[in-house]
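Structure first, then comments.
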């Protein structure tokens, strides 16, 4: 069995040697290592497209939410279960269309950035990364940080959509409960008539 003191001394010596090696590196080598780990063109390109996707999402979430809330006001006048169901279905379809549009934005960026050739290939790549399924094929090494940025944009927008959808579902359930309560009250009143 090895002596714990000897093992500890050996680990300490190895740690000191690696620390002194790091301190002896020239600044250019450290910068080069950082540039290799986080390539600036990738981050600038991906960050710009991510910002465009997030701003697009913000605009359309505001429009979809405003339209939903405006339509809810109509339920005070003409409330019916089928109208509530149709409204909710339209909201879900609008949110799906929004996410598909964001995949098209990433596809266009991949095409116009000359990173992927062909719209079908770019859309397939963007959709897989956007939904965090993973890369269906590898991009050129110079663009290796773009797929994680696409995934980050998808995670951001899906989380945002989920939070909005929770509010929509709550309001939808309240509308349905109100309509059913009015129907039951009306049916009870009708049954009480002599």
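Every residue, every condition in (1) in contact (Cβ under 8 Å) with a residue 12 or more places away in the chain; (2) under 16 Å from the mean Cα position of the chain (by Cα), yes or no:
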position: 44; (1), (2): no, no
position: 49; (1), (2): yes, yes
position: 55; (1), (2): no, yes
position: 64; (1), (2): yes, no
position: 68; (1), (2): yes, no
position: 79; (1), (2): yes, no
position: 91; (1), (2): yes, no
position: 95; (1), (2): yes, yes
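Within segment 123-150, how many residues are farther than 14 Å from residue 110 by Cβ and under 10 Å from the mean Cα position of the chain (by Cα)?
Matching residues across segment 123-150 total 2.
Looking at 139, 87, 110, can you tell me which residue is buried (at least 19 other Cβ atoms within 10 Å of the Cβ), touching a helix residue (DSSP H, G or I) at 6+ places or on another chain (Cβ under 7 Å) and without any contact (Cβ under 8 Å) to a residue 40 or more places away in the chain?
The unique qualifying residue is 110.
Name the residue, out of 123, 84, 89, that is at pLDDT 95 or above and outside any loop (DSSP other than H, G, I, E, B).
Criteria check complete, one pass: 123.
Would you say residue 43 is surrounded by 14 or more Cβ atoms within 10 Å (Cβ to Cβ), in contact with a helix residue (DSSP H, G or I) (Cβ under 6 Å, 6 or more places away or on another chain) and either assigned to a helix (DSSP H, G or I) or at pLDDT 95 or above (or both)?
Judged against the criteria, residue 43 is not a match.
On the given criteria, is residue 95 within 25 Å of residue 145 (Cβ to Cβ), in contact with a helix residue (DSSP H, G or I) (Cβ under 7 Å, 6 or more places away or on another chain) and surrounded by 12 or more Cβ atoms within 10 Å (Cβ to Cβ)?
In short, no.
Check 180, 165 and return the single one that is touching a helix residue (DSSP H, G or I) at 6+ places or on another chain (Cβ under 9 Å), touching a residue at least 24 places away in the same chain (Cβ under 8 Å), assigned to a helix (DSSP H, G or I) and surrounded by fewer than 14 Cβ atoms within 10 Å (Cβ to Cβ).
From the options 180, 165, the qualifying one is 180.
The values are calculated or read from the model by the stated rules, or taken from the named source; none is laboratory data. Everything numeric here is computed off the predicted structure, so don't read it as measured data. Counting neighbours? That spans all protein chains shown, and the Cβs are built from the backbone with ideal geometry, glycine included.
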